[in-house]
Every structure is written in C-alpha cells, then in structure tokens.
1. Looking only at segment 1-52, which residues are within 16 Å of the ligand (Cβ to nearest atom) and hydrophobic (A, V, I, L, M, F, W, C)?
2. Looking for something under 16 Å from Trp77 (Cβ atoms) and within 13 Å of the ligand (Cβ to nearest atom) - is there at least one such residue anywhere in segment 179-187?
3. Got at least one residue in segment 163-170 being assigned to a strand (DSSP E or B), within 16 Å of the ligand (Cβ to nearest atom) and either within 23 Å of Lys66 (Cβ to Cβ) or within 15 Å of the chain's Cα centre (by Cα) (or both)?
4. From the list Lys66, Lys30, Lys51, Lys38, which one is of a type in the set (Lys, Arg), in contact with a helix residue (DSSP H, G or I) (Cβ under 8 Å, 6 or more places away or on another chain), closer than 19 Å to Trp128 by Cβ and surrounded by fewer than 19 Cβ atoms within 10 Å (Cβ to Cβ)?
5. Quick check on segment 18-43: of everything there that is in contact (Cβ under 8 Å) with a residue 60 or more places away in the chain and out of contact with any Asp or Glu (no Cβ under 7 Å at 6 or more places or on another chain), which residue is farthest from Leu186 (Cα to Cα)?
6. Of all residues in segment 140-156, count the ones that are within 18 Å of Ser118 (Cβ to Cβ), open to solvent by less than 40 Å² (accessible area, probe 1.4 Å) and either within 13 Å of the ligand (Cβ to nearest atom) or not in a helix (DSSP H, G or I) (or both).
7. So which pairs qualify, if the first residue must be in segment 180-199 and touching a residue at least 12 places away in the same chain (Cβ under 8 Å), the second must be assigned to a helix (DSSP H, G or I), the Cβ gap must be under 6 Å, and the two must be at least 6 apart or on different chains?
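The values are calculated or read from the model by the stated rules, or taken from the named source; none is laboratory data. These numbers were taken from a predicted model, which means no experiment stands behind them. Counting neighbours? That spans all protein chains shown, and the Cβs are built from the backbone with ideal geometry, glycine included. Only protein heavy atoms, including side chains, enter the accessible area calculation; ligands, DNA and RNA are left aside. Shrake-Rupley method; radii C 1.70, N 1.55, O 1.52, S 1.80 Å.
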Amino acid sequence: MAYELPPLPYDYTALEPSISKSTLEFHHDKHHAAYVSKYNDAVKGTELDKKSIEEVIKEIAGNSDKQGLFNNAAQAWNHTFYWQCMKPNGGGTPTGSLAKKIDADFGSFDKFVEEFKSAGATQFGSGWAWLVLDNDTLKVTKTLNADNPLTSGQIPLLTMDVWEHAYYLDFQNKRPAYIDEFIGKLVNWDFVSENMAAA
Ligand code: FE2
C-alpha cells in the first residue's frame, strides 16, 4: 500500500526560533518527501506493496540486496515519527508513569537527558538518537543512517534526527546546540507517554 507523506503536525513556523521555517520546508517537503516517493516507487507492483511499511522495514533489514529500499522505507518511517516527537513550547519534563519509569530505569530525568544528549552528539556521521522500550526497560540508543530500533525488536518512544539536514541551516556545525534546543524546548512528552502506554 502506498505510504503517504503526512503533513507536519504543526505550522512551518511553529518551532521557531529553535527550528526555522526554512529547515522544516527543506526537511519535510524535500528530504522526507523524497524518501516517501522513492519508497512508493520501489514497492509499487511488488509483493512488498501489500505490507505495512513497518512490516517491510522488519522483513528486509540486513538484506544487502534491498539496502536502498530499506534506507528509503526506514527514513520515511523515522521522519513521520520524528515530527510527532516535537511540538511548539515542548520540552520541560515528562509526568506520570513515564516520569516514574525514567527515574526507575535511568536513576533520574537528568541522567536520561545526559545519556540522550550524549547519544546524539556521539553518533558519528548521520543517524538518530532514540528512547526505546527494550523488554520493558527504557534505554537510550543511537542508530546509523536510516537504521531504526524496530529491527532490533525494540519499541521506539522518542527520536531525534541528527542528520546535518535537521539542523545545519539553523545551527551550522553546532549539533550540541540543536540537541539542547530539542530536549529543552521541543520534545512532545505527551507523544512519548502515549507511545509507552500503547506498548
Ligand atoms: Fe532528517
């Protein structure tokens, strides 16, 4: 089935000044749109077209003959997930059962933030930082290029895009400055809580 490019869940200016309209236009309308379009073109008329994109990602992960398709499938999914991980006036701290689970599994919210920032800052080259549920334990992980935790049996709860296209127009080479804005002002903790509740 064709995978649709979802509209941004907020206006293109909604994340300013942390992330500019220009970044969101390029990132969503060019980068994300291209991954979706290439994915749809590649699966059209094949057996994979009958499956959900999540099923395709899990099925073809690690298959070197399908690396190009995997990259577009995973990038299409990762970006849809990433947009929902942010909101205007986000950031702050989680509440309720998510806050308790973070305290239990990381020691404190500050320890989680430290680990998440480190994952994003130390991902060499392009990739993603994640908060996942791994056998009912919260973990921070990072993936290279298009890879995502679905292929490891983990449940993604939060992601941060650390490809240069996510921050270069606004922060140039200062990835840690983008990471600070993401954690401090953009994270949509309601979405993260919903993901944990649904897991
Ligand atoms: Fe991206």
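1. Correct list: Leu5, Leu8, Leu15, Ile19, Leu24, Phe26, Ala33, Ala34, Val36.
2. Our first condition is that a residue be under 16 Å from Trp77 (Cβ atoms); within segment 179-187, this holds for none.
Checked segment 179-187: no residue is under 16 Å from Trp77 (Cβ atoms) and within 13 Å of the ligand (Cβ to nearest atom).
3. Taking every residue of segment 163-170 in turn, none turns out to be assigned to a strand (DSSP E or B), within 16 Å of the ligand (Cβ to nearest atom) and either within 23 Å of Lys66 (Cβ to Cβ) or within 15 Å of the chain's Cα centre (by Cα) (or both).
4. None of the others qualify; the one that does is Lys38.
5. My answer is His31.
6. Number satisfying all stated conditions: 3.
7. Ile183/Val113; Phe191/Gln84; Ser193/Leu98; Met196/Leu98
For every residue, the table says whether it meets (1) of a type outside the set (A, V, I, L, M, F, W, C); (2) out of contact with any strand residue (DSSP E or B) (no Cβ under 6 Å at 6 or more places or on another chain).
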site	(1), (2)
Gly125	yes, yes
Leu133	no, no
Asn148	yes, yes
Ser152	yes, yes
Thr159	yes, no
Tyr167	yes, yes
Asp170	yes, yes
Asn173	yes, yes
Ala177	no, yes
